[in-house]
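Novice: Following this message is one structure expressed as C-alpha cells.
The values are calculated or read from the model by the stated rules, or taken from the named source; none is laboratory data. Values in this document were obtained by computation on a predicted structure and should not be read as measured data. Neighbour counts run over all protein chains shown; Cβ positions are idealised from the backbone, glycine included.
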Amino acid sequence: RILILDFGSQYTQLIARRVREIGVYCEIHAFDMDEQAIRDFAPKAIILSGGPESVTGSDTPRAPEVVFGLQVPVLGICYGMQTMAEQLGGKVSTSNLREFGYARVDIDQAGSLLTGIDDHVAENGSMSLDVWMSHGDKVTELPEGFSRLAYTDSCPLAAMADETRHYYGLQFHPEVTHTKQGGRILERFICGIAGCEKLWTAEGIIEDAVAKVRKQVGNETVLLALSGGVDSSVVAALLHKAIGDQLVCVFVDNGLLRKNEGDQVMAMFANNMGVRVIRVDAQDRFLSRLHGVEDPEKKRKIIGNTFIEVFDEESAKLKGVKFLAQGTIYPDVIESAASKTGKAHVIKSHHNVGGLPEDMTMELVEPLRELFKDEVRKVGLELGLPYSMVYRHPFPGPGLGVRILGEVKREYADILREADAIFIEELRKADLYDKTSQAFTVFLPVKSVGVVGDGRRYEYVIALRAVETIDFMTARWAHLPYEFLEQVSGRIINEISQVSRVTYDISSKPPATIEWE
Ligand code: XMP
C-alpha cells in the first residue's frame with residue numbers, strides 16, 4: 001500500500017484516485033502524520049502531494065524525517081518535490097513568474113521513471129511530454145545524489161531522480177488528466193519502481209470487506225437504514241453477502257419518494273436478494289409534521305428529525321442490536337478530517353437525512369469508508385446490483401420535500417411524482433439519462449392558464465431541471481434537445497390534468513443551485 005502525505009493541494013484526492021485506478025490501495029494522511037503512525041502504516045512507497053504554501057517561507061510544512069528513513073521509494077509532486085529537494089540539501093527559490101496550465105517538458109535523461117514514456121519524439125530523438133504545471137516556486141539546485149530528468153524553459157529542473165535511493169520529484173502534476181502520460185508515470189512509480197501488485201480490484205475489495213465485517217460483528221445483528229441510494233444499497237448487498245440474516249434493513253417511506261420507489265427497493269432487496277427489510281410507512285407522520293411549513297431549512301430539519309425518530313422506534317423494537325451500518329465513503333472521511341484539522345478542502349454543507357444522533361450507543365459498521373464513489377459503484381456491480389441502481393442520479397435526503405416549493409402537501413407530491421417519472425422515463429428512452437448528472441422536476445404551487453377544448457383551465461406549473469457537473473459544486477444546465485423537451489412537456493401536460501404548463505430551467509450553478517430550495 002501507498003501512503004500519500006497531503007500538503008493541501010486541491011489535487012490530492014485525484015492522486016489517490018489515480019493510484020486506486022491503477023489497482024493499488026492507498027491512503028491520504030496529513031503531512032504532519034505521526035512518525036510512529038507512518039512506520040505502522042508500513043507503506044511500500046510514499047507520495048508527497050502538492051500544496052499552496054512556499055518552501056521558502058518560514059514555518060511552512062515539511063515531510064516528517066521518517067519519510068526519508070524508511071528506505072522506500074518516494075515521489076514528490078510540485079510542493080512535494082520542492083520540500084524533498086530542500087530537506088535533502090538542494091535549493092528552492094521563489095520566482096515572480098507563476099506558471100499555470102499546459103507546458104511541454106523536454107526529457108534529457110528518462111531514468112527508471114520516464115523511460116519509454118513520452119508524447120513527442122523529435123527528429124534528433126529527443127523526447128518531450130505534455131504536462132499540467134501549476135507553481136510559483138521551483139527547485140534551483142539539486143540535492144546530492146540527484147540528477148535532472150526533464151526541464152522547460154522557465155523551469156530548468158522539472159523532474160529529478162536519485163536512482164540509488166529511489167527518490168523522484170516532478171514539478172508538474174501527473175494526477176490530472178491534462179498530463180496525458182500521468183497515469184503511466186504513476187503506474188511506473190507504483191508498480192515498476194515500488195513493486196506494488198495490482199490487488200485492489202472490486203473482487204479483492206469485497207473479499208477484504210466481507211472478512212473485516214465478519215470479524216467486527218461476530219454473531220451480532222447489524223441495523224442499516226436503507227434508502228435505495230447508491231451507497232446504502234451497496235452496503236446492504238455487501239453486508240448481506242458477509243453476514244446474511246444478521247443484517248436487518250429499515251426502509252422508511254416518508255411520502256416524499258419517487259414513483260414506485262418503495263416497491264422497487266423491496267423487490268430488489270427483499271424479494272430478489274432475500275435481505276431482511278422492514279418497510280415502514282410513515283407518510284402520514286412526515287406529511288402532517290410538514291403541514292403549513294414553508295421555510296426550506298425548516299422543512300429539511302423536520303424531515304431529518306422525523307426520520308431519526310422513526311428509525312429509533314424501529315431499532316428499539318429489535319432488541320439488543322449492537323451495530324449500526326452506514327454508507328460513509330472515503331471523500332466524507334477526508335472531508336471531516338480536513339474540517340477538524342482546518343486544512344484545505346472545501347466542505348460540503350449537505351448531510352444526508354441518514355445522519356444519526358450522536359448519543360447512539362451502537363457501534364458503527366462502515367464497509368465503504370475507504371472507497372471512492374467510482375469504487376463503490378464497481379463493488380455494487382460486482383455484487384450483482386443492477387446498473388440502473390448503481391449509476392442512478394443522486395437524490396437528496398429530503399426527497400421531493402425540497403422539490404415542492406413552499407408548503408408540502410400530499411396532492412403536490414402525487415403530481416410531482418408523476419411528472420418526475422415521465423421525465424426520467426423519457427431521459428432513459430432517449431439515452432440521455434447517463435449523459436446528465438442529475439435531472440428532476442420541480443413543483444411550483446402557482447396556477448397558470450391553459451386551454452382544453454373550448455375551456456380555459458388554471459393549473460399548476462412544473463419545471464424541468466437537468467444539469468451536467470463533475471462534483472456538484474458547480475454545474476451547467478444540460479443542453480437537452482428541443483424535440484426531447486417538447487416530448488416531455490407534451491406528455492406531462494397531457495397525462496397530468498393538474499398541470500397546464502412546463503418550463504425548462506436554464507440557470508447554472510453558481511449563482512443558482514441545483515435544487516430549487
Ligand atoms: P445544490 O442544490 O446545493 O445541490 O446545488 C448540490 C447537490 O446536493 C444535493 N442536495 C442535497 N442532498 N440533502 C441531501 O442529501 C439535502 O438537503 C440536499 N440539498 C441538495 C442536490 O440534489 C445536488 O445533488
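Novice: Could you list, in sequence order, all residues of the stretch 190-205 that are out of contact with any strand residue (DSSP E or B) (no Cβ under 9 Å at 6 or more places or on another chain) and buried (at least 20 other Cβ atoms within 10 Å of the Cβ)?
Specialist: Across the stretch 190-205, the qualifying residue is only I205.
Residue by residue, here is whether (1) outside the structural domain of F7 (by TED's automatic domain parsing); (2) over 31 Å from the mean Cα position of the chain (by Cα); (3) crowded, with 19+ Cβ neighbours inside 10 Å holds:
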{"residue": "G101", "(1), (2), (3)": "no, no, no"}
{"residue": "E123", "(1), (2), (3)": "no, yes, no"}
{"residue": "V139", "(1), (2), (3)": "no, yes, yes"}
{"residue": "L142", "(1), (2), (3)": "no, yes, yes"}
{"residue": "D153", "(1), (2), (3)": "no, yes, no"}
{"residue": "M160", "(1), (2), (3)": "no, yes, yes"}
{"residue": "H173", "(1), (2), (3)": "no, no, yes"}
{"residue": "G183", "(1), (2), (3)": "no, no, no"}
{"residue": "R188", "(1), (2), (3)": "no, no, yes"}
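Novice: Just give me the residues in the stretch 60-114 being β-branched (V, I, T) and free of Cβ contacts under 8 Å to residues at least 60 places away in the same chain, in sequence order.
Specialist: T60, V66, V92, T94, I107 - these are the residues of the stretch 60-114 that are β-branched (V, I, T) and free of Cβ contacts under 8 Å to residues at least 60 places away in the same chain.
Novice: Please enumerate the residues belonging to the stretch 459-487 that are more than 12 Å from the ligand (Cβ to nearest atom), assigned to a loop (DSSP other than H, G, I, E, B) and surrounded by 15 or more Cβ atoms within 10 Å (Cβ to Cβ).
Specialist: If the condition is that a residue be more than 12 Å from the ligand (Cβ to nearest atom), assigned to a loop (DSSP other than H, G, I, E, B) and surrounded by 15 or more Cβ atoms within 10 Å (Cβ to Cβ), then A478, L480 are the ones that fit.
Novice: If you scan the stretch 113-158, which residues turn out to be of a type in the set (F, W, Y) and more than 19 Å from H173 (Cα to Cα)?
Specialist: Narrowing the stretch 113-158 to residues of a type in the set (F, W, Y): 132, 146, 151.
Of everything in the stretch 113-158, just one residue is of a type in the set (F, W, Y) and more than 19 Å from H173 (Cα to Cα), namely F146.
Novice: List pairs: first in the stretch 373-387 and farther than 13 Å from Y330 by Cβ, second surrounded by fewer than 21 Cβ atoms within 10 Å (Cβ to Cβ) and of a type in the set (D, E, K, R), Cβ under 8 Å, 6+ apart or cross-chain?
Specialist: Hits for this filter: E382/E203; L383/K241.
Conditions tested, residue by residue: (1) at pLDDT 90 or above; (2) under 21 Å from H240 (Cα atoms); (3) buried (at least 19 other Cβ atoms within 10 Å of the Cβ); (4) within 16 Å of the ligand (Cβ to nearest atom).
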{"position": "H350", "(1), (2), (3), (4)": "no, no, no, yes"}
{"position": "G354", "(1), (2), (3), (4)": "no, yes, yes, yes"}
{"position": "M360", "(1), (2), (3), (4)": "no, no, no, no"}
{"position": "E363", "(1), (2), (3), (4)": "yes, yes, no, no"}
{"position": "P367", "(1), (2), (3), (4)": "yes, yes, yes, no"}
{"position": "G380", "(1), (2), (3), (4)": "yes, yes, yes, no"}
{"position": "S388", "(1), (2), (3), (4)": "yes, yes, no, no"}
{"position": "G397", "(1), (2), (3), (4)": "yes, no, yes, yes"}
{"position": "D414", "(1), (2), (3), (4)": "yes, no, no, no"}
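Novice: When you look at D374, is it among the acidic types (D, E) and modelled with pLDDT of 90 or more, yes or no?
Specialist: yes
Novice: For the stretch 282-308, give me each residue that is without any contact (Cβ under 8 Å) to a residue 40 or more places away in the chain and loosely packed, with under 13 Cβ neighbours inside 10 Å.
Specialist: Answer for the stretch 282-308, where residues must be without any contact (Cβ under 8 Å) to a residue 40 or more places away in the chain and loosely packed, with under 13 Cβ neighbours inside 10 Å: D284, S288, D295, E297, K298.
Novice: Going by the structure shown, is I278 over 25 Å from V376 (Cα atoms), aliphatic (A, V, I, L, M) and without any contact (Cβ under 8 Å) to a residue 60 or more places away in the chain?
Specialist: The answer is no for I278.
Novice: Does D434 satisfy being away from the ligand (no atom under 15 Å from the Cβ) and either in the same structural domain as H291 (by TED's automatic domain parsing) or free of Cβ contacts under 8 Å to residues at least 40 places away in the same chain (or both)?
Specialist: no
Novice: Further, regarding this structure: One residue is enough: does the stretch 76-91 have a residue meeting the conditions surrounded by 19 or more Cβ atoms within 10 Å (Cβ to Cβ), out of contact with any Lys or Arg (no Cβ under 9 Å at 6 or more places or on another chain) and hydroxyl-bearing (S, T, Y)?
Specialist: yes
Novice: Restricting attention to the stretch 268-292, report how many residues are away from the ligand (no atom under 15 Å from the Cβ) and either among the hydrophobic types (A, V, I, L, M, F, W, C) or closer than 25 Å to L247 by Cα (or both).
Specialist: Going through the stretch 268-292, the residues away from the ligand (no atom under 15 Å from the Cβ) turn out to be 268-285, 287-289, 291-292.
From the residues that got through so far, the ones that are either among the hydrophobic types (A, V, I, L, M, F, W, C) or closer than 25 Å to L247 by Cα (or both) too are 268-283, 287.
Total meeting the criteria: 17.
Novice: Quick one: is V408 under 30 Å from V293 (Cα atoms), within 16 Å of the ligand (Cβ to nearest atom) and within 25 Å of the chain's Cα centre (by Cα)?
Specialist: Working: under 30 Å from V293 (Cα atoms): yes; within 16 Å of the ligand (Cβ to nearest atom): yes; within 25 Å of the chain's Cα centre (by Cα): no.
No: the conditions fail for V408.
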